[in-house]
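Encoded as structure tokens, the structure appears first; notes follow it.
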Amino acid sequence: RGLPIFVAAFLRSIVSRDILYFSVKSRKWEWDDEVLDFLTISEDVAEFLAHNLNCLGKELVDAMKVCSCIGFQINEIVIPPLDLGQFVPDLDNLIRLALKEGLMERAGPIYAFSHDMLRESAYNLIPLDERK
């Protein structure tokens with residue numbers, strides 16, 4: 001499970017930066033060779049994921065930080081008490097966005113980070129003095 005999430009995150013990253021794009025005219029995926037040649041690919045998956053988390057928007061990153069404090073899995077009954085605006089406003093909708101972005105997965109009432117390194121990366125974004 002480690003490599004697929006890295007590949008998926010890398011592909012999302014280069015698509016979002018228009019380095020890889022689908023050409024309607026030629027009906028195929030195309031990319032910018034020159035830009036790809038200069039990209040540095042981190043060998044540290046956690047570092048790469050943390051960098052990509054920071055590109056997602058403050059609200060979603062804050063939601064992932066809160067979820068990371070709970071653990072790798074979160075039961076849906078835990079979300080409403082956290083969704084009172086004290087930690088992250090609209091946490092329930094942000095978790096749905098995390099599902100859409102592939103950051104989390106759902107199985108019945110359980111939400112889980114799509115990879116343990118993703119949870120670790122989100123947790124490591126919390127400053128040391130704010131961790132409890």
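Return yes when SER26 is at pLDDT 85 or above and assigned to a loop (DSSP other than H, G, I, E, B) and no when it is not. For SER26, the condition - at pLDDT 85 or above and assigned to a loop (DSSP other than H, G, I, E, B) - is met.
Within region 74-132, the residues that satisfy the criterion of being of a type in the set (Val, Ile, Thr) and either within 25 Å of VAL15 (Cα to Cα) or under 20 Å from the mean Cα position of the chain (by Cα) (or both) are ILE74, ILE79, VAL88, ILE95, ILE110, ILE126.
The values are calculated or read from the model by the stated rules, or taken from the named source; none is laboratory data. Only a predicted model underlies this, so the values are computations on that prediction, with no experimental measurement involved.
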